[in-house]
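Novice: Take this structure first; my questions come after.
The values are calculated or read from the model by the stated rules, or taken from the named source; none is laboratory data. These numbers were taken from a predicted model, which means no experiment stands behind them. All Cβ positions, glycine included, derive from the backbone under ideal geometry; neighbour counts span all protein chains shown. SASA here: full protein model, heavy atoms, side chains in, ligands and nucleic acids out. Shrake-Rupley method; radii C 1.70, N 1.55, O 1.52, S 1.80 Å.
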Amino acid sequence: MQTTVGRPKDLEKRKHILEAAKKLFLKLGYHGSSMNQIAKEAGVTKLTVYNHFQDKETLFSCAIEATCEKTINASLIRLNANSDFQTHFYQVCELALHIINLPEAIKLEHLLLELAAEQNPLAMQFYNVSHQRMCDVWQDFFEQATQFKFIQPDDIEKQINLILSLLLGIRHHEVLLGIRQPPTAQEKQQIILESIELFMMKYKAQPQY
């Protein structure tokens, strides 16, 4: 991915271009945003945009990666044998629900679906810096939980699919379609507690005698 980074002034311009690109891509979609519009929004010339990003695809990838980095920004939870697993499990679920229901995250989801519908290869790049990054957080958590025998070992992909299905359910599809509001703080709490309860019914480690 070719980008040009130089003097502090250039870095400042690059930052403005990325901010403008994120704003327009989320508002207008990939095809609805032109390099001319992005340059105008950033307060630079179109030539300056191309000096930093070789094409629209590169700019899109960099802008979405920066957006996901800012949105997820998840510090991994470190477990040990004496950890309060239920509390940490709640925290990871809370983080996931918070991120997934951010207005910006919902717009990103719409943008991903737009690209996927036309089989645009950018969809996979987008997926890797958004959905896959969050799955990596879950994988790390469940690997530790298995290591310290808080949960029974199993295929981690199955465990991730189960917890996400419990947390999101049909409701998230309705939120994406705009026919239902994201859950309130009280509803999130109930969703998380019920999801953990159901997950642990299947995976709670058996006591060692």
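Novice: Let me confirm something: among LYS107, LYS158, which residue is under 23 Å from LYS27 (Cα atoms) and basic (Lys, Arg)?
Specialist: LYS107
Novice: Taking interchain pairs and intrachain pairs at least six residues apart, which have beta carbon atoms under 8 angstrom, with the first residue in segment 162-179 and free of Cβ contacts under 8 Å to residues at least 60 places away in the same chain and the second open to solvent by 70 Å² or more (accessible area, probe 1.4 Å) and assigned to a helix (DSSP H, G or I)?
Specialist: LEU162/LYS202; LEU166/GLU194; LEU166/LEU198
Novice: Among ALA63, ALA117, which is the only one that is open to solvent by 70 Å² or more (accessible area, probe 1.4 Å) and either over 14 Å from the mean Cα position of the chain (by Cα) or free of Cβ contacts under 8 Å to residues at least 60 places away in the same chain (or both)?
Specialist: ALA117 is the lone residue from the list that is open to solvent by 70 Å² or more (accessible area, probe 1.4 Å) and either over 14 Å from the mean Cα position of the chain (by Cα) or free of Cβ contacts under 8 Å to residues at least 60 places away in the same chain (or both).
Novice: Taking segment 11-38 on its own, how many of its residues are more than 21 Å from the chain's Cα centre (by Cα) and either in contact (Cβ under 8 Å) with a residue 12 or more places away in the chain or not in a helix (DSSP H, G or I) (or both)?
Specialist: Going through segment 11-38 one residue at a time, the tally reaches 11.
Novice: I want to confirm something. Restricting to segment 66-88 and keeping residues that are among the aliphatic types (A, V, I, L, M) and at pLDDT below 75, which single residue is most open to solvent (accessible area, probe 1.4 Å)?
Specialist: Taking the candidates together, the pick is LEU76.
Novice: Against the condition closer than 26 Å to HIS110 by Cα and of a type outside the set (S, T, N, Q), how does LYS149 come out, does it pass?
Specialist: No; evaluated as a whole, the condition is false for this residue.
Novice: Next question. With the checklist (1) surrounded by 13 or more Cβ atoms within 10 Å (Cβ to Cβ); (2) under 23 Å from LEU167 (Cα atoms); (3) at pLDDT below 95; (4) among the hydroxyl-bearing types (Ser, Thr, Tyr) in hand, flag the one item THR58 doesn't pass.
Specialist: Every listed condition holds for THR58 apart from (2).
Novice: Take ALA105 and tell me if it is buried (at least 17 other Cβ atoms within 10 Å of the Cβ), touching a helix residue (DSSP H, G or I) at 6+ places or on another chain (Cβ under 9 Å) and closer than 30 Å to GLY32 by Cα.
Specialist: When the stated conditions are applied, ALA105 passes them.
Novice: Answer yes or no as to whether ILE151 is surrounded by 15 or more Cβ atoms within 10 Å (Cβ to Cβ), modelled with pLDDT of 95 or more and closer than 15 Å to TYR90 by Cα.
Specialist: Taking the combined requirement at face value, the residue satisfies it.
Novice: Hey, another quick one. Any idea which residue in segment 1-25 is most open to solvent (accessible area, probe 1.4 Å), counting only those that are modelled with pLDDT under 90 and in contact with a Leu (Cβ under 7 Å, 6 or more places away or on another chain)?
Specialist: VAL5
Novice: Here's something else I'd like to know. Hey, could you check segment 175-184 for residues that are open to solvent by 40 Å² or more (accessible area, probe 1.4 Å) and aliphatic (A, V, I, L, M) and say which is farthest from ILE99 (Cα to Cα)?
Specialist: If we take residues in segment 175-184 being open to solvent by 40 Å² or more (accessible area, probe 1.4 Å) and aliphatic (A, V, I, L, M), then ILE179 is farthest from ILE99 (Cα to Cα).
Novice: Considering (1) open to solvent by less than 50 Å² (accessible area, probe 1.4 Å); (2) within 23 Å of the chain's Cα centre (by Cα); (3) modelled with pLDDT of 90 or more, say which one VAL49 fails and leave the rest.
Specialist: Tallying (1) open to solvent by less than 50 Å² (accessible area, probe 1.4 Å); (2) within 23 Å of the chain's Cα centre (by Cα); (3) modelled with pLDDT of 90 or more, VAL49 fails exactly one: (2).
Here is a yes/no grid of residues against (1) surrounded by fewer than 13 Cβ atoms within 10 Å (Cβ to Cβ); (2) among the basic types (Lys, Arg); (3) under 21 Å from ILE77 (Cβ atoms); (4) modelled with pLDDT under 95:
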residue	(1), (2), (3), (4)
VAL137	no, no, yes, yes
THR146	no, no, yes, no
ILE160	no, no, yes, no
LEU167	no, no, yes, no
HIS173	yes, no, no, yes
GLN186	yes, no, no, no
